[in-house]
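What follows is one structure encoded as structure tokens, with my remarks underneath.
The values are calculated or read from the model by the stated rules, or taken from the named source; none is laboratory data. Bear in mind that the values here come from a model prediction, so they are computed numbers and not experimental data. Virtual Cβ from ideal backbone geometry, glycine too; neighbours counted across all protein chains shown. When the accessible area is computed, the model is the full protein with side chains, heavy atoms only, and any ligands, DNA or RNA have been set aside. Shrake-Rupley method; radii C 1.70, N 1.55, O 1.52, S 1.80 Å.
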Amino acid sequence: MLHETGIIRSDCYVSNVVNAQPAGNDIRAWIPLTKREITPDCVRFRDRMVKPILVEGYHSLLKEIQLVKPTIIIALGNTPLFALTGRQGITKWRGSQLVQNAADLLEPTGEPPPKVIPTYHPAAILRQWDWRAIALNDLRRCKRESTSRLYKTPDWTFIIRPSLVQALGTLGALYERCEKGPTLLSFDLETRAGHIACAGIAWDRSNAICLPFMAVAQPEGYWAEEEEALVLDSLTALLTHPNARIVGQNLLYDCQYTWRHWHTVPRVHFDMMIAHHTAFAAAAGPDDTSIAKHKKGAKKRQGGFKKSLDFQASLYNEHYIYWKDDSKEWDPTIGEEQFWRYNCEDAVRTMECAEVLGVRP
């Protein structure tokens with residue numbers, strides 16, 4: 001797999017978090033998953049209680065990293081992902097462009113910490129062969145990022161708390177683009193309690209606006225009634241313009257909300273979820289399958305690669321870090337900027353995915 005993605009095996013240094021095998025080849029022997037499994041000899045590491053052998057092994061690994069001075073570390077599986085970055089969940093974080101926890105560096109040198117990109121453990125791929133293609137994509141990303149310790153991060157510009165002038169000005173400028181010819185627009189809704197919380201629109205890979213309609217600090221709504229009427233009039237005019245080419249992720253969901261609350265349906269040009277599932281319908285995997293019954297009653301797994309936006313972004317976005325928990329972890333007591341920024345990020349990442357798949361106005 002390394003050679004298939006242009007990585008020369010002799011250029012790599014291979015090690016382990018712990019150079020030993022847990023009893024029964026079960027990582028729970030070192031990292032308890034439940035309180036009941038925690039024993040008196042466990043010690044705190046990151047936010048977990050673990051066996052001392054894991055901490056000792058990680059300290060030895062840090063010395064190896066100091067000697068090797070890698071530009072990038074490919075974390076194979078959950079254990080190195082957790083040890084190096086503190087994050088957990090390889091299926092969620094694989095392909096993400098992370099860095100080693102800077103606080104763990106033995107001797108600060110002024111240089112950035114090594115990059116860390118996690119992917120599936122080879123043993124897991126042997127058990128679930130469909131993951132091989134996904135891991136190959138992650139390894140290609142590692143190859144591209146292996147020349148330095150610095151990531152080239154996207155230069156995003158998000159309008160997340162627009163004034164009425166900003167909102168109408170942006171929508172008006174996009175409407176003028178549509179007047180001149182076909183215009184690709186990425187559209188994404190966030191909903192809350194059966195209502196539209198905000199609407200995000202991106203007009204390229206870098207620029208997006210979030211139009212809030214609900215706000216925790218303003219129970220009556222983000223806009224005054226007359227202002228919301230003006231915003232909705234401009235927004236629906238844009239979304240239904242004959243030259244508007246609306247792209248999105250699972251737009252059937254969004255369209256039911258726009259019809260119910262705004263009595264309009266955007267001019268849908270391309271749905272990422274449908275397109276991705278069409279392209280990879282045959283590659284069934286355990287994380288995104290449905291169960292159907294044969295005529296004889298036997299169960300058969302159907303489906304393809306995961307169709308979620310984060311999974312597609314991990315394949316198609318030039319720079320990728322898992323972000324989908326941002327909407328779940330935002331704290332309403334400190335404002336909604338994180339939630340609105342999440343909406344904009346959905347929109348620009350969708351735009352990039354669509355363009356990589358060849359969508360044109």
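Name every residue in the stretch 182-213 that is under 19 Å from ALA354 (Cα atoms) and over 24 Å from the mean Cα position of the chain (by Cα), in order of residue number.
Passing the criteria: PRO182, THR183.
In the stretch 129-157, what residues are touching a Phe, Trp or Tyr at 6+ places or on another chain (Cβ under 8 Å) and farther than 30 Å from LYS69 by Cα?
If the condition is that a residue be touching a Phe, Trp or Tyr at 6+ places or on another chain (Cβ under 8 Å) and farther than 30 Å from LYS69 by Cα, then ASP130 is the only one that fits.
Any residue at all in the stretch 325-338 that's among the hydrophobic types (A, V, I, L, M, F, W, C), at pLDDT 90 or above and not in a helix (DSSP H, G or I)?
There is no residue in the stretch 325-338 that is among the hydrophobic types (A, V, I, L, M, F, W, C), at pLDDT 90 or above and not in a helix (DSSP H, G or I).
Look at ILE291 and say whether it is aliphatic (A, V, I, L, M), modelled with pLDDT under 70, open to solvent by 30 Å² or more (accessible area, probe 1.4 Å) and under 26 Å from ALA124 (Cα atoms).
yes
Kindly evaluate THR109 against the criterion of being touching a residue at least 60 places away in the same chain (Cβ under 8 Å) and either surrounded by fewer than 21 Cβ atoms within 10 Å (Cβ to Cβ) or not in a loop (DSSP other than H, G, I, E, B) (or both).
no
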